[in-house]
Amino acid sequence: MDSSSNSTSLIHLLASAAAAIVVLSASAIFFYRRLLKNSTTTNLFSSYRRNRLPLGNLGWPFLGETLDFISCAYSDRPETFMDKRRLLYGKVFKSHIFGSPTIVSTDAEVSRSILQSDAKTFVPSYPRSLTELMGKSSILLINGSLQRRIHGLIGAFLKSPHLKAQITSDMQKYIQQSMIKWTEDRPVYIQHETKQIAFQVLVKALISLDIGDDMEFLKKQFQEFIAGLMSFPINLPGTTLYRSLQAKKRMVKLIHKIIQTKRSSNMDGSMSFPEDVVDVLLKDANPQLTNDLICDNIIDLMIPGEDSVPVLITLAVKYLSDCPAALRQLTEENLRLKRLKEKLGEPLCWSDYLLSLPFTQDVITETLRMGNIIIGVMRKAMKDVEIKGVFIPKGWCVFTYFRSIHLDDNLYDSPYQFFPWRWQKEKDTSGNGGNFTPFGGGQRLCPGLDLARLEALIFLHHFVTHFRWVAEEDSIINFPTVRLRRRMPVWVKRRRDDDVSIISTNNSNKNPMSSMVVTGSIYDYRLDTTGQSTGQNGNKRIYS
């Protein structure tokens with residue numbers, strides 16, 4: 001991402017905290033007014049006004065507008081918090097969320113400038129629970145030359161043909177091991193399956209750990225660890241944050257052992273080519289790259305395997321299940337590639353996936369735009385800054401909200417429609433442009449963006465070329481992390497070698513895949529929770 005398992009406890013804790021603050025609100029307002037009478041504070045706010053502080057509302061003392069933001073975040077349209085204020089104040093406005101006065105940017109140009117700024121202007125800003133879990137040496141928190149060095153080393157390795165070949169081999173192997181267990185008499189939960197696969201692939205790339213007892217131990221501890229990333233910041237026995245920190249200690253012990261073994265075996269400098277990220281960091285001569293620093297960053301880098309990549313794949317399956325035309329074209333494209341490689345007698349390699357499946361790439365790009373797995377990033381201003389006429393005071397947070405940009409009807413026609421064909425006209429789908437930033441941007445652009453695409457391409461290829469499916473109705477939860485409410489259950493049927501059709505069913509059977517007949521077209525459809533089809537083939541309903 002998972003971290004979604006912490007959402008219920010997070011709501012309860014936030015509600016309790018809000019109640020306590022409301023009780024104190026009367027006295028808080030009194031002290032707040034007294035504070036504003038102080039000459040220094042008055043001069044400070046006057047200075048902000050003179051320097052064009054954006055319009056907006058700071059909300060209640062201490063609480064700000066956090067509760068309104070969270071309320072919208074849990075809805076089907078979390079961007080409504082931003083949309084209301086954009087209408088009132090413009091694309092950049094001031095607010096007060098998560099305990100800090102904040103400038104919110106839903107403007108593509110302003111957001112791009114913030115993302116491309118160096119550490120002398122903006123530094124990362126995260127919730128206290130996250131910073132405590134990550135540690136001071138996390139690549140997410142450090143700045144300057146050390147951050148650039150680590151980011152460069154890891155980024156270069158993750159883009160290397162050697163690792164792409166390894167990722168392709170591992171991904172294909174783990175997908176086959178998973179899919180061979182799928183049966184037609186019970187649903188397959190795509191979100192769960194992809195988490196298992198992606199985590200194993202990423203851990204192998206990070207520390208060369210294969211499936212076994214240590215992998216299972218690490219997986220269990222990581223689940224406990226990630227649950228605390230968005231928890232209430234109280235580190236006491238029994239709290240989520242405390243349990244997460246204890247889980248991290250157990251992970252650190254295992255990873256430290258692996259790092260030390262690698263360091264000892266390379267005392268003579270005999271390592272010819274790094275096999276994983278730990279090797280890359282150990283090979284560098286920088287004395288700041290200690291075992292502790294490497295260990296912290298290896299744990300941080302596991303997050304995409306638990307969260308980002310599985311959610312990307314799951315959302316792609318959901319959107320394809322809702323869009324028969326896109327599924328038809330994607331399936332045809334992948335079947336063509338499969339038959340070509342079989343005719344040539346060659347296995348699929350990483351370049352086949354990345355270069356020979358242009359429409360599948362467009363589907364992934366559109367999934368990133370609509371899904372907004374990363375809704376935005378937060379930075380803290382290290383000095384007074386002015387960007388595009390917007391004044392950002394020193395010490396204030398800045399929230400670049402990607403979701404509003406990706407769903408802006410001034411930038412995208414019918415932005416709430418899944419329409420992958422729109423990217424056939426776009427030149428920049430890299431994720432580093434101003435209007436499309438699913439992986440962040442600037443010096444902190446996600447170094448694994450190519451691998452995320454590669455893993456999604458591999459899974460979708462094997463899924464559509466080996467199976468037909470019926471997707472049950474499911475919905476997207478957007479906060480605190482993006483995920484599917486029911487983990488995306490699908491009923492699968494294995495595809496025959498000569499079968500290029502998606503087929504309909506007889507709804508008199510309990511298992512929706514148990515008595516299918518060919519309709520003659522590639523087609524997918526959905527079931528709601530009552531077992532009735534919501535898909536259509538032209539004007540013909542699959543279930544009538």
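The values are calculated or read from the model by the stated rules, or taken from the named source; none is laboratory data. Computed from a predicted model, the values in this text were never measured in an experiment. Using ideal geometry, Cβ is built from the backbone for each residue, glycine included, and neighbour counts are taken over all protein chains shown. Note: accessible area is taken over every heavy atom of the protein model, side chains too, but ligands, DNA and RNA are not part of it. Shrake-Rupley method; radii C 1.70, N 1.55, O 1.52, S 1.80 Å.
Determine which member of the set I313, I299, I294 is of a type in the set (V, I, T) and at pLDDT 95 or above. It would help to see each step written out before you state the result.
Working: I299 fails: at pLDDT 95 or above; I294 fails: at pLDDT 95 or above.
Sole residue among the options that is of a type in the set (V, I, T) and at pLDDT 95 or above: I313.
Within the range 419-435, count every residue that is buried (at least 17 other Cβ atoms within 10 Å of the Cβ) and at pLDDT 90 or above.
Within the range 419-435, residues that are buried (at least 17 other Cβ atoms within 10 Å of the Cβ) and at pLDDT 90 or above number 4.
List the number of the failed condition for L460; all other conditions in (1) modelled with pLDDT under 95; (2) in contact with a Leu (Cβ under 8 Å, 6 or more places away or on another chain) hold.
(1)
Determine if the range 173-191 includes at least one residue that is polar (S, T, N, Q) and open to solvent by less than 20 Å² (accessible area, probe 1.4 Å).
yes
Residue-wise test of (1) under 28 Å from R486 (Cα atoms); (2) open to solvent by 20 Å² or more (accessible area, probe 1.4 Å).
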| residue | (1), (2) |
| --- | --- |
| I313 | yes, no |
| D322 | yes, yes |
| R328 | yes, yes |
| N334 | yes, no |
| E342 | no, yes |
| W350 | no, yes |
| T360 | yes, no |
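Of everything in the range 120-136 that's at pLDDT 85 or above and part of a loop (DSSP other than H, G, I, E, B), which residue is surrounded by the most Cβ atoms within 10 Å (Cβ to Cβ)?
S125
Evaluate the following for G228: is it of a type outside the set (V, I, T), assigned to a loop (DSSP other than H, G, I, E, B) and buried (at least 21 other Cβ atoms within 10 Å of the Cβ)?
yes
From the list K380, K338, which residue is under 25 Å from the mean Cα position of the chain (by Cα), open to solvent by 20 Å² or more (accessible area, probe 1.4 Å) and basic (K, R)?
Values: K338 fails: under 25 Å from the mean Cα position of the chain (by Cα).
Of K380, K338, the one residue that is under 25 Å from the mean Cα position of the chain (by Cα), open to solvent by 20 Å² or more (accessible area, probe 1.4 Å) and basic (K, R) is K380.
Can you tell me which residue among S264, S244 is surrounded by 18 or more Cβ atoms within 10 Å (Cβ to Cβ), hydroxyl-bearing (S, T, Y) and part of a helix (DSSP H, G or I)?
S244
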